[in-house]
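Structure record follows, encoded as structure tokens.
The values are calculated or read from the model by the stated rules, or taken from the named source; none is laboratory data. As the structure is a computational prediction, the values presented were derived from the model and not from experiment. Here the Cβ is made from the backbone with ideal geometry for all residues, glycine too, and neighbour counts use every protein chain on show. Calculation scope for accessible area: heavy atoms of the full protein, side chains included, ligands and nucleic acids excluded. Shrake-Rupley method; radii C 1.70, N 1.55, O 1.52, S 1.80 Å.
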Amino acid sequence: MNGAPGQRRPPWPMLAAASVLTLICAAMAWVASSTAGAELTRGPSQAELDRAAVDEMALRWQVWPAGRIFPDAVSYAAEQGGEESAHRVGISPETRCDRGVDTKLAGALRRAGCRGILRATYIDALQGVVVTVGVAAFPGEAGAAEARAALPRGGRPSPGLRALAFPGTVTDRFTAAGRQSSLVRQGGPYVVMTTIGQTDGRPGKAVGEQRPTMFAFAGDIADRVLADLTTPMRPDCLSEEWRC
């Protein structure tokens, strides 16, 4: 018998079982390393690309420059025909949800998961109508839809988006009392709100019956802002903007 005195050689079946276990472990390790290597080197799946696109959309309100969300000028169909442009007067640095809307509405938006509200103010081509546009961001489409349902209907401006005036401009007389109309759009995780008045600051209650088209261009601005925020963008792994 080979081996040192006093040592007993394990029976053959035990040696065979140990050899088989060694081979199995080696094979499992190879499979695991191969799977890990394939996982690290494979390209993103379609589901992962779709998820990345949704995540990117939900972050636009935070990562895009304010001027990209609120363009300098927005074209609209003029009341008398033809095309004109509304021009941006300014953008608010404040993004807190409770600072962007009336107090009576802030609680509903908070419960819906409001992450922030961005606001900018525009004037029409004739500088007679002022529009504050607000973008409210939510974690997902469900929260945005819940918030939209809490907003006033029928064009009532209150409780709603707060007027944003800029001293030293034609908008400086636009106040809460001067809000005359509003509208709301919703798409994906965003709610776009507008509050509308006139640059002379006249109170809404002092205004008689208005022409239906007088404030129609506000809808063009809201549609443009919402379309830019919610148009899907396919991930491009070769672009510096994406990390795949």
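Rounded to whole Å and ordered largest first, report the semi-axes of the equivalent ellipsoid of the stretch 78-229 derived from its Cα gyration tensor (root of 5λ). Don't skip to the end; give the middle numbers.
Numbers: eigenvalues 115, 52, 43 Å².
Value: 24, 16, 15 Å, ordered largest first.
Heavy atoms only, 1.4 Å probe, whole protein assembly: order 233, 57, 193 by accessible area, highest first.
On the way: 233 55, 57 30, 193 5 Å².
These residues rank, largest area first, as 233, 57, 193.
If I stretch the segment between residue 175 and residue 83 completely, what's the gain in nm (0.36 nm per residue apart, minus their alpha carbon distance), one decimal? Intermediate values should be presented prior to the final figure.
Numbers: separation 92, 0.36 × 92 = 33.12 nm, distance 2.82 nm.
Gain in length upon complete extension: 30.3 nm.
Could I have the simple spin-label model distance between residue 62 and residue 223, label points 7 Å from Cα toward Cβ, reported in nm to one decimal?
Placing both labels 7 Å beyond Cα along the Cβ direction yields 3.1 nm.
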